[in-house]
Every structure is written in structure tokens, then in C-alpha cells.
Amino acid sequence: MSVLSEMSREERLYRMRHSAAHIMAQAVLEKFPGGRIGVGPPIDWGFYYDFELPRALTPDDLPEIEARMREIMAQNVRFERRELDAAGAREMFKDQPYKLELIDGILAGGLDEYGEPVAEAPTLSTYRQDGFEDLCQGPHVAGSEEIPLAAFKLMSVAGAYWRGDEKRPQLTRIYGALFESEQELGEHLERLEEAKRRDHKVLGHQLDLYSTHPEYGPGLIYWHPKGGRIRKVVEDFWRNEHLRNGYEIVFTPHIGKGTLWETSGHLVNYAENMYSPMDIDGQEYYIKPMNCPFHIQIYKSDTRSYRDLPIRLAELGTVYRYERSGTLDGLLRVRGFTQDDAHLFCRPDQMKAELEKTVDFLMFFFGSLGFDRFQVYLSVRDEKGKYVGRAEDWEAATDTLRDVVESRGLPYEVDRGGAVFYGPKIDVKIKDALGREWQCSTIQFDFNLPERFDVEFVGEDGAKHRPYMIHRALLGSMERFFGVLIEHYAGAFPLWLAPVQAVVIPIADRHVEYAQKVADELRRGDLRIEVDQRPERMNAKIRHAQLQKVPYMLVVGDREAEAAGAAVRLRSGEDLGTLPLSDIRERMLMENRPA
């Protein structure tokens with residue numbers, strides 16, 4: 001029996017993918033003998049490897065590289081580990097500058113073979129197969145016969161900056177997919193095709209929802225009228241539900257003096273994510289990366305009693321954070337975004353109840369928007385990080401977060417070391433229609449800002465006390481969530497979110513007047529209706545509306561005008577026949593509400 005078969009699926013796949021990455025590097029260096037290699041780790045669905053090559057690769061190169069990989073694997077090559085001293089390692093990789101940099105990092109302590117931080121410096125070691133040898137800690141399969149030939153495929157070529165730094169050389173990255181069976185690979189490829197069909201960047205252009213203009217500022221989103229309609233609907237729902245749940249809506253400035261960000265600690269701990277200051281009357285001002293210091297000023301604008309708490313301040317506040325150009329990704333990673341932010345100030349005895357309400361609100365909110373699957377992470381401190389606040393406060397906060405998650409029956413994982421420096425947190429990832437996880441919601445304790453800004457309330461004993469502060473975001477940001485929403489629904493939004501809920505299609509020019517009357521009648525119910533007056537044939541207009549994913553198509557001609565109705569077709573292709581306008585209006589109004 002193979003040793004591999006006795007391992008967990010996760011360990012088997014790790015070894016297979018790691019080994020396949022090395023075989024790919026061998027195949028590439030055979031094709032380009034003078035090439036330089038970066039790193040080649042396994043990833044969730046396969047592997048990649050980074051190269052510096054004499055010419056740019058294209059997808060047309062992948063079949064040749066993949067064919068050579070299969071030849072190597074078919075030879076049942078063995079993977080052999082050996083350890084080296086510093087001089088031996090440097091001599092072996094003297095023509096590989098990226099490997100030399102990694103060797104220096106390992107020897108200095110704190111970095112592994114991929115340049116990632118580790119607690120202790122690993123031993124210098126290599127793995128060799130069929131004449132190719134790479135700096136590596138392993139583990140690998142014993143031999144290439146343990147890699148399923150029918151279950152891997154080279155997928156794509158991309159650019160990747162060395163160590164993720166845009167100031168460093170850009171390398172060529174080759175991605176490969178690898179699973180335990182051909183069936184699993186096929187299912188993965190099908191998911192990728194479906195993901196392409198749902199790509200928010202493609203649908204955002206196709207449905208005229210938003211655009212970006214890198215020539216005038218990368219990572220900045222231009223919301224088009226149709227995208228703006230959806231955003232307004234979500235924002236109105238957000239504000240109304242927050243008011244119903246005891247929050248107060250606030251609005252705060254977009255800039256603040258440097259002293260504000262010094263007090264908050266952002267200039268010390270977050271400066272690399274902030275934009276350069278601007279000079280106003282000889283004072284340095286910064287555009288805000290977060291809303292929290294402003295909400296604290298609102299809290300501190302008056303003396304607060306224990307009877308006033310909890311105080312819940314919520315804002316759809318636009319913030320700006322520097323993201324490297326190479327990390328920008330449509331709506332999902334931007335430089336300017338509107339954060340659905342809230343900060344709760346409460347007494348210690350109110351902490352658990354506030355957290356329970358927050359989690360319940362979160363579940364209600366996402367359920368209303370069509371998401372009902374979640375993965376929760378309880379992010380706690382470890383022994384290595386630097387944290388502020390008393391240990392007993394951390395323990396109480398962590399225990400309360402755990403109790404709340406468990407009392408709500410939510411599956412969760414503990415992310416040790418995942419806490420922010422100012423407190424433990426709950427991170428909630430929603431799962432979309434394809435089962436992909438998206439980080440949106442977070443609930444964070446903060447022992448830092450209340451101390452820095454001397455936040456207080458007057459207790460029942462007449463003395464001043466420090467309230468607990470909770471940072472809370474549901475959607476994360478309007479931009480990122482909108483991208484997730486597009487992909488979740490593949491652009492076919494439920495009626496209440498659809499930017500255009502129905503298109504009235506006149507069969508001939510003489511029916512335009514009646515079409516406008518139909519639209520006006522339905523608009524009285526606050527429905528979003530358009531009339532297609534283009535000089536196109538009826539079937540072409542119907543097809544256009546379907547491509548635009550409009551929920552209802554209302555065709556009108558002589559017969560429909562005489563009957564005071566419309567022929568109703570759905571974007572699914574279903575034909576409901578001719579219905580009275582009153583029935584159409586009632587049907588649409590019933591659908592025009594959250595789930």
C-alpha cells in the first residue's frame with residue numbers, strides 16, 4: 001500500500017501539487033535553459049510557479065510544457081531530499097538570484113522557502129527529481145507515479161511581481177490545476193467556466209452597471225445609472241433596517257487633521273495604506289481610510305451616562321486606502337469605497353446582548369439579499385503578536401464572541417493569531433451560488449481607540465468608566481459587495497434589485513403611445529419601467545431585454561391595447577400570455593420586496 005493512501009486527502013493533495021510544481025519547473029527550464037526560478041507552492045486547487053524567462057510566455061506555450069510534464073511523470077521519477085550548509089546552498093543556486101534571496105532570508109531567520117514569515121528558520125534543504133533540484137522543505141510524493149496523469153492541466157499564464165512588490169521584477173507565473181481524479185478536475189473546469197459566465201467585470205460592462213478609468217485613477221469606480229439604481233435600493237434597505245434595529249445614521253467628513261490620525265494610531269500602524277497629506281492653512285490633512293475616529297468624536301461631543309448606552313452609530317462612509325496596482329480587481333479590490341460601517345459603544349454587562357443582536361442582524365440582512373450559507377472564523381490572539389489591552393479583557397471578549405457564535409449554531413473555525421492588534425473578532429464569509437467564500441462581515445472588539453481618545457461614560461456610581469467599543473461591518477463595502485452580488489445572481493437580479501424591472505415593447509410605432517401609458521401605470525407603484533422605442537423588430541427587442549436580464553417583457557399591440565393589458569414574457573423564456581395591467585402590477589409588487 002502506498003504511504004500516500006494512508007494520509008488525509010488534504011496532505012495527499014498538498015504533496016501531489018507541490019511535486020507537480022517542481023516537475024513543471026523542470027519542463028520550463030528544459031525549454032528555457034537560462035531561465036531563473038522564483039517560488040512554486042501548492043494552492044487550493046492546484047499549483048503555480050514563477051519564472052524569469054528570455055521571452056514572454058503565451059497560452060500557446062502551455063500544451064508543449066504540459067506534454068513534457070507528462071513525459072517526466074511517466075518515467076516514475078523519484079523525489080529525493082538532501083540538506084545543505086550555507087556555502088553549499090549558495091554555490092548550487094549561484095545563477096538563481098531569487099533563490100539566493102530566499103536563502104539569505106532563511107539563514108537570517110524568519111522566512112521560509114517561499115519568503116513567508118515563520119517562527120523559526122527552517123533547515124536549508126533541496127528536493128531533486130530527474131536532474132532538477134530546487135530549494136525546498138517538502139514534503140513531496142515518493143515518486144511521480146503517485147501524481148494522477150489524467151487529473152491535472154496547465155491553466156493559464158499571468159504576471160506576478162516578485163514577493164508581491166510592484167517595485168520588484170515582474171515574473172511569469174504559470175498556473176496548473178490538479179485533483180485526485182479526472183472527474184474532480186472536470187468539475188473544477190466546469191466551475192471555472194461558470195465563474196467566467198458570472199464574472200462581474202464582464203457583466204458590469206455588458207449590463208452597463210459601472211466602469212473604471214485607470215487613465216484617470218486606477219481602483220476608482222464610476223457607478224452608471226443602472227448600477228446606481230441597485231446601489232440606491234440596497235442603501236435604502238440598509239438605512240431603513242438599521243433605523244429599525246436601534247442604530248442612528250451619521251455622516252462624517254472625508255478628511256481630518258494629522259493630529260486625529262496620530263491619536264488614533266493610524267499614522268504609526270497604518271500609514272502605508274494611507275494617501276499622502278494635503279496642506280491646508282499650514283496643517284497636514286489626510287483623506288480618511290476609516291470612519292471610526294470620526295464616530296468617536298460624535299460620541300464624545302456630549303457627556304454619556306450609563307443610561308444612554310448602548311449607542312449605535314452607523315454610516316455609509318466613503319474611505320480611501322492605497323492598494324498596490326497589481327492587486328486591484330474590478331469591484332473586489334479598489335482604492336476608494338463606501339464602507340457600511342457601524343460602531344457600538346456599550347457597557348461591559350451589555351456586551352453579549354449587543355453581539356447577539358449584531359449576529360442576528362447580520363444573518364437577517366444577508367438572508368434578505370439571497371445569501372443563506374456562511375463560514376465563520378473566530379480570530380483570536382496568539383503568543384507572538386503585539387496586542388493592546390489587558391489580558392483579562394481579551395479573555396472576556398474572546399469567550400463572549402465564542403459563546404455568541406455557538407449559541408447561534410454557526411459552524412466556525414478558530415483563527416489563532418488572526419486577531420487585530422486592538423482586539424479579537426468574528427469574520428463572516430458568505431457563500432455564493434457556486435459555493436465560493438467571500439469575506440464581507442466583521443465584528444471586532446477594540447481596546448485601543450477608547451483608551452487613545454479617552455472615551456468614557458458616567459456609571460451608576462457617578463464615576464467615569466470606559467465603554468466597550470465594537471467595530472461592525474455587514475457588507476464590508478458597497479463596491480466589493482456589489483461585485484459579489486453580480487456574480488451570485490450572474491447579473492439576473494431578483495425583481496426588487498433589478499435596475500430595470502420591466503421593458504414595455506410596442507409591436508409597431510402606432511403602439512408607442514399605449515406603451516407609455518402602460519409604463520406610467522406601473523411606475524405609479526414605484527416600479528422601474530422602460531419603453532423600448534428603438535426601430536427594431538419585436539423579437540429583436542425581446543432578445544435584447546433577455547440579454548440585459550430584465551425580469552419582465554411586456555409586449556403591446558392592438559389586441560393588448562383593446563384589452564387594457566400586455567402580453568407578458570419572463571427573462572427565463574416563459575410566456576404568461578396576455579394579462580390585465582392590474583394583474584401585472586399586483587404580481588410585480590408582490591415580487592418587489594426582499595427575500
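The values are calculated or read from the model by the stated rules, or taken from the named source; none is laboratory data. All figures in this text were calculated on a predicted structure; none of them were measured in a lab. Ideal geometry is used to build each Cβ from the backbone, glycine not excepted, and the neighbour counts take in all protein chains shown.
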Residue ID - farthest from residue 230 (Cα to Cα), chosen from residues in region 551-583 that are of a type outside the set (Gly, Ala, Ser) and part of a loop (DSSP other than H, G, I, E, B): 574
Odd one out for residue 268 among (1) modelled with pLDDT under 95; (2) under 23 Å from residue 353 (Cβ atoms); (3) among the aliphatic types (A, V, I, L, M): (2)
Sole exception among (1) surrounded by fewer than 18 Cβ atoms within 10 Å (Cβ to Cβ); (2) among the small types (Gly, Ala, Ser); (3) without any contact (Cβ under 8 Å) to a residue 24 or more places away in the chain for residue 508, by number: (3)
Whichever residue in region 388-420 is outside any helix (DSSP H, G or I) and in contact with a helix residue (DSSP H, G or I) (Cβ under 7 Å, 6 or more places away or on another chain) and, among such residues, is modelled with the lowest pLDDT: 408
Whichever residue in region 540-562 is more than 39 Å from the chain's Cα centre (by Cα) and within 10 Å of residue 505 (Cα to Cα) and, among such residues, is surrounded by the most Cβ atoms within 10 Å (Cβ to Cβ): 556
In region 376-408, residue surrounded by the most Cβ atoms within 10 Å (Cβ to Cβ) [restricted to those that are over 16 Å from residue 441 (Cα atoms) and of a type in the set (A, V, I, L, M)]: 397
Region 421-460: number of residues that are of a type in the set (Gly, Ala, Ser) and modelled with pLDDT of 90 or more: 2
Scope region 105-136; condition crowded, with 16+ Cβ neighbours inside 10 Å and either polar (S, T, N, Q) or at pLDDT 90 or above (or both); matching residues: 125, 126, 127, 128, 129, 130, 132, 133, 134, 135, 136
Checking residue 144 against (1) among the small types (Gly, Ala, Ser); (2) at pLDDT 85 or above; (3) surrounded by fewer than 14 Cβ atoms within 10 Å (Cβ to Cβ), the condition it does not meet: (3)
Pair list, Cβ < 6 Å and 6+ apart or interchain, from region 162-183 residues that are in the same structural domain as residue 64 (by TED's automatic domain parsing) and aromatic (Phe, Trp, Tyr) to residues that are in a strand (DSSP E or B) and surrounded by fewer than 15 Cβ atoms within 10 Å (Cβ to Cβ): 175/156
In region 207-219, the residues that are surrounded by fewer than 17 Cβ atoms within 10 Å (Cβ to Cβ), out of contact with any Ser or Thr (no Cβ under 7 Å at 6 or more places or on another chain) and part of a loop (DSSP other than H, G, I, E, B): 208, 213, 217
Top-ranked residue of region 348-375 - restricted to ones that are buried (at least 18 other Cβ atoms within 10 Å of the Cβ) and not in a helix (DSSP H, G or I), ranked as modelled with the lowest pLDDT: 374
Filter pass, residue 186 being in a helix (DSSP H, G or I) and either at positive phi or without any contact (Cβ under 8 Å) to a residue 24 or more places away in the chain (or both): yes
Inter-residue pairs, beta-carbon under 8 Å, first assigned by TED's automatic domain parsing to the domain that holds residue 423 and in region 351-365, second hydroxyl-bearing (Ser, Thr, Tyr) and surrounded by fewer than 17 Cβ atoms within 10 Å (Cβ to Cβ), 6+ apart: 356/407
Out of 228, 176, 204, 159, sole residue that is at pLDDT 95 or above and either over 23 Å from the mean Cα position of the chain (by Cα) or not in a helix (DSSP H, G or I) (or both): 176
Close pairs from region 527-553: first without any contact (Cβ under 8 Å) to a residue 40 or more places away in the chain and more than 13 Å from residue 493 (Cα to Cα), partner surrounded by fewer than 21 Cβ atoms within 10 Å (Cβ to Cβ) and among the aliphatic types (A, V, I, L, M), Cβ under 6 Å, at least 6 apart: 529/519; 530/500; 531/519; 533/512; 538/507
For residue 281: the one exception among (1) surrounded by 15 or more Cβ atoms within 10 Å (Cβ to Cβ); (2) over 30 Å from residue 308 (Cα atoms): (1)
Helices (runs of 4 or more DSSP H) contained entirely in region 1-104, each with at least 2 residues that are at pLDDT 95 or above: 9-31, 62-74
Residue check, residue 342 at pLDDT 90 or above, over 30 Å from residue 188 (Cα atoms) and either assigned to a strand (DSSP E or B) or charged (D, E, K, R) (or both): yes
Residue satisfying all of: in region 280-328; assigned to a strand (DSSP E or B) and among the polar types (S, T, N, Q); farthest from residue 201 (Cα to Cα) among these: 305
